[in-house]
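The values are calculated or read from the model by the stated rules, or taken from the named source; none is laboratory data. Just so you know, these numbers come straight off a predicted model, no measurement behind them. Cβ coordinates were reconstructed from backbone atoms using ideal geometry, including for glycine residues, and neighbour counts include every protein chain displayed. Accessible surface areas use protein heavy atoms only, side chains included; no ligands, DNA or RNA. Shrake-Rupley method; radii C 1.70, N 1.55, O 1.52, S 1.80 Å.
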Amino acid sequence: MDNSENFSQFRRQSKKGILVIYINLLYKVLKAFWILLFLFIQRFSKISETTLTYIYLGVGFLLLFFFIRAFLIFKNFQFKIENNHFILKKGIISKTNTSISFDRIQNINFKQNIIQQIINVHEVNIETAGSSKAEISIKALSFKEAKALKQAITIYDKKITTEEAVLAEKPFLKVGFLALLKVSLTENHLQSLLLLFAILVGFYQQIDELFKGLGKRDLLDSFISENTSVLESSVILIVGFLILLTIIAVLSSVFRIFLKHFNLTVYIKNNALEIYQGLTTKNSVILKKGKVQHITISSNPIKKKLGISFITFKQAISGKVNKKQEKVIKIVGCKNKQVSEIKNLLFPEENVTNYDKNLPDSYFRYRMYFRSFFLILVINLGLFFAFENYYVFGLNAVILPIFILIIEKTYKKRYYLFSEELLLVGQGSIETHKTYLPFFKVQNIKLKQTIFQARKNVADLVFQTASGKIKIPCISMEKALKIYNYTLFKIETSQKSWM
Amino acid sequence: MTNSFQNILVTSFPDISEITFKNIEKKYLNVIIINTIFIFLLLFIAVFFAVYKDIFNLKEYKFWLYVLYTVILVFTLFIKIVGFKKRKFAVREKDISYKNGIFFKKLTTVPFNRVQHVEIDQGPIARFFGLVTLSVFTAGDSSDDLKIRGLLSKNALEIKEFISNKIDG
């Protein structure tokens, strides 16, 4: 298509990249030292004129320093394409030279955060798998350049390109505002709340550290205990607090979903899924069929009523990549028809619906009860020693039914079935998850049996894939061994590449 | 529940339960025992120190504490010795398997065409006995791949060579 972009010579990013790098650097610094800034603003009036001048000078110097640094990073960041390899030179003082073969490249993603949106450049991320090499992120390219770069890299990939120039087709899936609102209102709000708490705890710890450092811990402690003691004394406050918590949970779900999935659009092109989504940070991901290891289709009772579910695609991760950037791609708000279309795209001619479900042995339920028994025992003991009051055992009236409900649900929803090429594992308690895994994508397989399971002649099967484990718990030893042998047979005779 | 497997089971597949597993080197038992005793020695020092300084007000139960310590030591050694016999491996034409455990039995198989790389390393005590550890890595979460401790370095090299040939070929 566009031959004006020449990648055979070393070249730099778009000049606007300096700004992106600069703001990125400043953002990082601000994130680490925001508390200093906070202190500074708080004590603004108490700082003498001369110190203030020094502080301004210091800040000015730092700003300049980071600008120079950003400029140097930009200057030294060069890349080219040669011999079906992407070659990257970077580093100001310690230089790194990276060369990645095209067939190692898993994904080329475009991303735009707010700043990149304003100055109209795209961030291009090149993801690799199976190697411990760092991921490559080019911070700023014009859309034309980015497109051309992607084209240049994918042109060699399996020799399918020519049609790609044809753009602007009808999206396969588009989730509008109302649909997204539906999705977010039916989210697992408890999870959202926990996520929010995790963020707040991190926040609190940072503040706590600061006060400790200033020797003013008591101040914070007394502030908190003052406020909590008021809370404890009033039932109305507690109820109010609970209602507030619920509202916060729902709001944070909505916020989270909209931030991540706003304007979700999916195209199907050349056997790949192109996914665009995001509010402040626009993400575009190309999901190649072959690179997907397994998918999970999930729903919950309310979503089921509305006929929507979400699909999680798992791609290969390399062992050294930290867990944060797990290559999980999620699309929400899929209708049943779309779900089955995606299934057909990824696993064509594999219809698992004709096969019977295999259920786990009843030992699975027994084990869950057994484990929960100990958990409940610990909860009870903990409660008792915390409050030293026999009334706390009354809480069991609430806890027990919840446990029983969850265990029975979990047991009922557990099943597995498989066709010639595909394994389907169903699980969940309140939510329902269906995981599809082609046998040949398994990396290694484990059979686990505890001494208790040995008595019942059941065992756990664990499939290790390049993107995590999939477990089938408590099935009869005979069946487990059959599947074990069959899986190995499938892997060892498979000619297809797993990524 | 009908057995959906029957549909597919036209040919007989190589059966993992029918292959003969090899034991690892007998000498490795020494390594295990020395390692265990070393850990318990450290533990003994800790217990002795705790009793001597009377940190947890346990002085009056001194006798029972030492009895408990001995029981745990004997039990652990017993488990380790019995468990040693359960550590077995097998190399087939297309995969490598390892099994271990008494109370928690585990059998792992890694097909060669999924192996990323093979590593051989050696701890200080194992070195004294001329033994090595063979680790086979696959893609993904490598912490949970296959690891065979207590092989003669000659054998381990042979296996490594064998797998490397299979990967390249």
* Indicate the helices, whole DSSP H runs only, in chain A that combine a mean Kyte-Doolittle hydropathy of 1.6 or more with a Cα extent along their long axis of 18 angstrom or more. => A:17-42, A:235-261
* To do: Please give the FRET efficiency for residue A:174 paired with residue A:373, using the beta carbon to beta carbon distance and R0 = 60 Å, rounded to the nearest 0.05.
  => 0.80
* Test item: A:438-445 mean partner chain Cβ contacts at 10 Å -> 6
* Figure the gain on full extension for residue A:336 and residue A:398 (residue separation times 0.36 nm, minus the Cα-Cα span) and round it to one decimal in nm. => 18.8 nm
* **Three-way shape label, the protein assembly as shown, alpha-carbon gyration tensor, a/c 1.5** => rounded
* Can you pull the Kirkwood radius for segment A:17-165, inverse mean 1/r over Cα pairs, to one decimal in Å? -> 18.1
* Asked: What average count of beta carbons from other chains do you get within 10 Å of the Cβ of residues in B:108-118?
  -> 6
* On a 0 to 90 degree scale, rounded to 10, what angle separates helix B:28-53 from the longest Cα axis of chain B? -> 30
* So which GluC sites (Glu not before Pro) in segment A:1-104 pass both tests, a DSSP loop state and at most 12 other Cβ atoms within 10 Å of the Cβ? -> none
* What accessible surface, in Å², does a 1.4 Å probe find on residue B:117, ignoring ligands, DNA and RNA and rounding to the nearest 10? -> 80
* If the limit is 30 Å between Cα atoms, which of A:282/A:335; A:446/B:80; A:144/A:441; A:89/B:160; A:170/A:469; A:147/A:182 go over it? -> A:144/A:441; A:89/B:160; A:170/A:469; A:147/A:182
* Can you find, among A:453, A:424, A:74, the residue farthest towards the positive end of the dipole of chain A? Put +1 on the C-beta of Lys and Arg, -1 on that of Asp and Glu. => A:74
* Would you please put A:355-366, B:63-74 in order of how densely packed they are, using the mean number of other Cβ atoms within 10 angstrom per residue and starting with the highest? => A:355-366, B:63-74
* Sequence-separation-based contact order of segment A:363-493, relative, with Cα cut under 8 Å and 6+ spacing, percent -> 17
* Structure fact -> Here the whole-number average of other chain Cβ atoms within 10 Å per Cβ of A:447-456 is 4
* **Given charges at beta-carbon only (K, R positive; D, E negative), |dipole| of segment A:17-165 in Debye** => 320
* Got a sec? What order do B:25, B:119 fall in by accessible area at 1.4 Å, biggest, i.e. largest, first? -> B:119, B:25
* If a/c stays under 1.5 just call it rounded; otherwise compare a/b with b/c (prolate if a/b is bigger, oblate if not). Do that for segment B:28-83, with a ≥ b ≥ c from the square roots of the Cα gyration tensor eigenvalues. => oblate
* Can you tell me the relative contact order of chain B? Whole percent, Cα pairs under 8 Å, sequence separation 6 or more. => 20
* Asked: On a 0 to 90 degree scale, rounded to 10, what angle separates helix B:153-168 from the longest Cα axis of chain B?
  -> 40
* Asked: Among A:116, A:32, A:267, which residue has its Cα positioned farthest towards the positive end of the charge dipole of the protein assembly as shown, with +1 placed on the Cβ of Lys and Arg, -1 on the Cβ of Asp and Glu, and the dipole taken about the Cα centre?
  -> A:267
